[in-house]
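Remarks on the structure that follows.
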Amino acid sequence: MKRKTMISLALAFLMTTSVAFASKKEQALKCNFRDIKIKKNGQMLSVTREPFIYDGTTFLPLRDVTENFGYTVGWDETTSTISLSGGASGDTTLLQQDLRNKDVMIQQLQNQIKFLKDENDKLKKDLKDEKAKEDDSDDDDIKDLKNDLEKDYEEYTKGKKKLEFDFDLDDKKSELEIEMEGDFKKSDDEWKDRNEDKFQDFIEDIAKAAAKELDKDVEITVKDEKGDKCGEYTYDEGKKSFKVKDEYGSKSSDSDDDDVKDLKDDLKDDYEKYTKGKKELEFDFDLKDGKSEIEIEMEGDFKKSDSEWQDRDEDKFQDYIEDIAKAAAKELDKDVEITVKDEDGDKCGEYTYDEGKKDFKVKDEYGSKSSSKDVEDEIEKMLKDDYDEYDKGKKDLEFKYNIKVKDDEVEVTMILQDYEEDDDEWKDRDDDEFEDFMEDLAKDIAKIKKDTDVSIKVYSEKDDDNKIESKSFDAKDID
């Protein structure tokens, strides 16, 4: 709705301070000028003639005011008539005011954005400065430690001849690497006559001092003047454990090969024969030393299908394997994995021992009831956690499972929930994607029970007599 603008009859067309009236008489007026200002919607208007007050009425320049409202002003000299035409609609005026309000809001938002940006830039700068201080502090810690080491451990004096070292430190995230370069050649008498035990005590003192200062594990490498490595040593700050990984010419160095050979000899001496079954079982041992565990393979003088294996006394045989695992773990301070094979190389059992938790487990054992139950429980948990739902079709499908573990095969029954074979939810499952789903399931089962075939059958919960899908996977294809 358009609003009409009312203009007071008091508005006069001001040419001078004398006003012409309709009778064409001239009359001198006594007016009051008070520097009167005019605002339109909060905005100041500029005028060509100054407003004034006469006889209690404020007079404004008509042309200046009305043209600001969109009117055109005309003057008829003959009839002394002022005419107004056109004019801005009320709606347009409101819209213009709304736009101005929006402009104010935009400006306010821009000011806020600028303020937040400035605050963000300040925060980034503060963080950068703080990081630089921390880095400087870390650098200072390393420099201080290097100075301390050079002051306290520059010379080793417990051998027949003095050894002198320069230190280089590299601060990693979880450990400190220290390189010590000596003033000798590792083939010279200075190194050979160092007194092995006291030199290792010297290195251990350095490692402990560095670990205490930075609260980190420490790895120390000793090199000769040519840069050839003479020794490697580690210190675990959490376990307070110092180890000689390797030391040139050292009889007591932690030689992995020697330790493994010694352990193999001990196992052969103490565990070559298992005698608690109806018939004696004899084994050869093969050891492989990994970074975090020792792998032991025991090859027997029997076939797993023969009575020697079948009559072994399951519980006592597992105790026998556990004793082997504990002995190996204690000797090398590592986890142990044991695989038992028959004379044909066929796997009879898999066992693990966690040295930290002191936990022995039978992963798999041919013909063992307890082993099958453990495997079955592990498979059921995996299926429940990872395969309870198929979501690649138009509708999600939910399944429950029945598992049967045999010596060379795992049988899986998938029970489709809520739907039947003729329902669209099953028909729209996408055959290729569902086959991939079953194959992934079979592969994960094979990770739990190795060298096993997997057969999968699908039934509906509402019709458990009719099989609606089946798939078999050979061990060689899913291993």
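Quick look at the numbers
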item: Potential lengthening between residue 27 and residue 288 on full extension [0.36 nm per residue; Cα-Cα distance subtracted]; result: 81.4 nm
item: Kirkwood-based Rg to Rh ratio, segment 153-247, C-alpha trace; result: 0.96
item: Inter-site label distance for residue 240 and residue 394 at 7 Å from Cα along Cβ, in nm; result: 6.9 nm
item: Net lengthening on full extension, residue 269/residue 415 (0.36 nm per residue, minus Cα-Cα); result: 47.3 nm
item: Contact order normalised by residue count of the chain, Cα under 8 Å, 6+ apart, percent; result: 5 percent
item: Rough spin-label spacing in nm, given labels placed 7 Å along Cα→Cβ, for residue 139 and residue 225; result: 3.3 nm
item: Debye equation applied to the C-alpha atoms of the chain, log10 I(q)/I(0) at 0.05, 0.06, 0.11 Å⁻¹; result: -0.55, -0.64, -1.07
item: Where labels lie 7 Å past Cα in the beta-carbon direction, separation of residue 152 and residue 373 in nm; result: 5.8 nm
item: Segment 66-84 versus segment 218-287: alpha-carbon centroid distance in Å; result: 112 Å
item: Residue 172-residue 311 FRET efficiency (beta carbon distance; Förster radius 56 Å; 0.05 resolution); result: 0.50
item: Two-decimal log10 I(q)/I(0) for segment 256-367, as the Debye equation yields it once each C-alpha is a single scatterer, q = 0.16, 0.19 Å⁻¹; result: -0.67, -0.94
item: Dipole axis of segment 19-88 (+1 Lys, Arg; -1 Asp, Glu on Cβ), positive-most option in 84, 42, 61; result: 42
item: Segment 363-479, Cα convex hull volume normalised per residue, Å³; result: 92 Å³
item: Ranked packing of 325-331, 65-71, most packed first, by mean Cβ within 10 Å; result: 325-331, 65-71
item: Förster radius 45 Å - calculated FRET efficiency between residue 115 and residue 85, Cβ distance, rounded to 0.05; result: 0.40
item: Over segment 19-88: Kirkwood hydrodynamic radius from C-alpha pairwise inverse distances, Å; result: 13.9 Å
item: Peptides 448-458, 106-116, 280-290 ordered by average Cβ neighbours within 10 Å, highest first; result: 448-458, 280-290, 106-116
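Every read-out reported here was derived from the displayed coordinates using simple, explicitly stated rules and does not represent laboratory data. Since we're looking at a predicted model, the values are computed, not measured. Every residue, glycine among them, receives a Cβ derived from its backbone with ideal geometry; neighbour counts consider all protein chains shown.
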